[in-house]
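What follows is one structure encoded as structure tokens, with my remarks underneath.
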Amino acid sequence: MSLLRVEGLTKIYDGQVAALEEVSFGLEPGEWMSVMGPSGSGKTTLINLLGALDTPTRGRVLFDGTDLGRLDPVERTRFRAEKIGFVFQAFHLVPYLTALENVMLAQYFHSLTDEAQARAALERVGLAPRRHHLPAQLSAGEQQRVALARALINQPRLILADEPTGNLDEQNEAVVMQLFHELHRRGHTLIVVTHDPTIGRLADRCLELQHGRLAGMTIYREERDEVIDHLLQQVWMLREGNQSAELAKLRRLEVLDVGGTLARMAERTLVVLREGHVELTRSGEQRASDLIRRYRLAERLFRDTFTLADAEAESTACQFEHILSPAVTDKICAFLDHPRTCPHGNPIPQGDCCQVRAGAAG
Ligand code: ADP
Ligand code: MG
């Protein structure tokens, strides 16, 4: 079932400015959609309507079946607090509170003050060491990461980000986008407004607005593919460590709706679910093996050839496992002389190119 259904959404300001006109689309749980369009095309208006910060002139937004237009002001506030994580271009941090206190303020709003949890949220965005700094003592990128930790504190069903990297330099932009990437990988649902086409393309699909109208919808990736890949890799690695892939273990991963994703994986005959255990089918085995091979070869390449530090090599390899084509993977494998293990000593699944070489040698 769709998380979001938008039907004929229209917003007219002051009875004359049509900021948004007849926009309709749906969004599945776990999807990442970017919204692009020139300045003034209605992007912020759309985000405000989706997050119930504003009410439409016509049309409606159905969130999990609830018509947002039918909520009274109190219910709307509650809806925002419980279901939505907002990230804005200006970070909106309270200047006299530390990073930790800013996150805890959001908890207070959700009535669950728990310092350990706030700290964990900052850890997830790599900011635990800076938790006692004030916003003014943090770089723009770090401030945006605090804002992201704050948005995540109540486990929102939908994250709405309006030009989240608009005030950041390139390096900080990359760090923040890596975090969005990570969230998507764990199954979060994201709508991210951006004017940068490179960022727009990171999403599963891109909605384009022009003069308030839906001017195009470009699909880049099949829904949930990365979440599926992530789970396939986890099953593979559990088995490698001589552990059975129990459902309970997979549930402990930071993936939303593990059960739903596994059910879809079973439908697509990638896994078989048997008495609380997950087993790879032949096609699941092949896809997992290809993924692990790409990931570990990329790790080797970044560590040995580009001498990146461990953590950096790992996160870069994470992105590359989804980009490398089979031909390029084999080229890298040959360039590295068909390595048998990754930098951590785990085996790299062999490809056709390794067999050809073994045949030639023997
Ligand atoms: P974007 O975020 O794509 O730059 P906006 O959604 O902010 O675009 O604005 C879309 C159009 O609606 C613009 O023409 C803008 O001037 C107008 N607009 C936005 N907010 C208001 C408002 N509160 N009152 C009147 N007009 C507005
Ligand atoms: Mg805007």
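Shape of region 223-280 from its Cα gyration tensor (a ≥ b ≥ c, root eigenvalues): rounded if a/c is under 1.5, otherwise prolate when a/b > b/c, or oblate? If you can, show how the numbers build up before the last one.
Values: a/c = 1.45, a/b = 1.29, b/c = 1.12.
Note, shape of region 223-280 comes out rounded.
Secondary structure note: in the chain, about 60% of the DSSP beta bridges are antiparallel.
From the P(r) of the chain, can you give the percent of Cα pairs sitting at distances over 29 Å? Present the calculation step by step, with values, prior to reporting the outcome.
Working: 31622 of 65341 pairs.
Here the tail beyond 29 Å accounts for 48 percent of pairs.
Quick one: Cα convex hull volume of region 285-361, Å³ per residue? All intermediate terms of the calculation are to be shown ahead of the outcome.
Working: hull volume 6.6 nm³, N = 77.
So the per-residue Cα hull volume is 86 Å³.
Report, in deg cm²/dmol and to the nearest 500, the calculated mean residue ellipticity at 222 nm for the chain, where each DSSP H run with n ≥ 4 adds -39500 (n - 2.57) and the sum is divided by the residue count. That calculation yields -13000 deg cm²/dmol at 222 nm. With a probe of 1.4 Å, find how much accessible area region 223-280 has per residue, and write the answer as a whole number in Å². Ligands and nucleic acids excluded, the figure is 51 Å² per residue. The H on the amide N of Asp64, modeled in the peptide plane, is under 5 Å from the matching H of Leu4, Arg5, each at least 5 residues off or on a different chain. Relative to the dominant Cα principal axis of the chain, helix 73-83 is inclined by about 10°. Just checking the listed ones, Phe335, Phe91, Phe63: in the Gaussian network model of the chain with Cα springs under 10 Å, the one fluctuating most is Phe335. As a length-normalised measure over Cα pairs under 8 Å and 6 or more apart, the relative contact order of the chain settles at 16 percent.
Compared with the dominant Cα axis of the chain, that is its longest principal axis, helix 326-335 is turned about 50°. If the chain linking Asp352 and Asn167 were pulled fully straight, counting 0.36 nm for each residue of separation and taking away their Cα-Cα distance, it would gain 62.0 nm. Please find, in a Gaussian network model of the chain (springs between Cα atoms separated by less than 10 Å), the residue of Val23, Val176, Val94 whose mean-square fluctuation is greatest. Taking springs between Cα atoms under 10 Å, the residue moving most is Val94.
Computing the accessible area with a 1.4 Å probe over protein heavy atoms, can you report the carbon and sulfur percentage for region 223-280? Don't skip to the answer; put the middle values down first.
Working: 1400 of 2930 Å².
Summing carbon and sulfur atoms, their accessible area is 48 percent of the total for region 223-280.
Return the single residue from Gln143, Gln117, Gln178 with maximal mean-square fluctuation; model: Gaussian network over the chain, springs between Cα atoms under 10 Å. Most flexible of the set in this elastic network: Gln117. For region 160-286, the average shadow cast by the Cα convex hull is 9.6 nm², which is a quarter of the hull's surface. Taking all protein chains into account, the per residue accessible area for region 15-92 stands at 45 Å² (1.4 Å probe). Using a 1.4 Å probe on the protein chains only, how many percent of the accessible area of region 285-361 belongs to carbon and sulfur? Ligands and nucleic acids excluded, carbon and sulfur give 55 percent. P(r) tail, region 249-316: Cα-Cα pairs separated by more than 20 Å, 47% of all pairs. By accessible area, using a 1.4 Å probe on protein heavy atoms only, region 4-219 has 49% of its surface on carbon and sulfur. Note on His344: accessible area approximately 90 square angstrom, rounded to 10, probe 1.4 Å, nucleic acids and ligands left out. Amide H contacts under 5 Å for Val87: Leu160, Ala161, Asp162, restricted to partners 5 or more places along the chain or on a different chain, H placed in the peptide plane at 1.01 Å from N.
Taking a ≥ b ≥ c as the square roots of the eigenvalues of the Cα gyration tensor of region 1-98, is the shape rounded (a/c under 1.5), prolate (a/b larger than b/c) or oblate? In terms of gyration-tensor shape, rounded. Between helix 140-152 and the chain there is an angle of about 80 degrees, using the helix long axis and the longest principal axis of the Cα atoms.
The values are calculated or read from the model by the stated rules, or taken from the named source; none is laboratory data. All of these numbers come straight from a predicted model, not from anything done at the bench. Ligands, DNA and RNA are stripped out before the accessible areas are found, and what is left, the full protein with its side chains, is counted by its heavy atoms. Shrake-Rupley method; radii C 1.70, N 1.55, O 1.52, S 1.80 Å.
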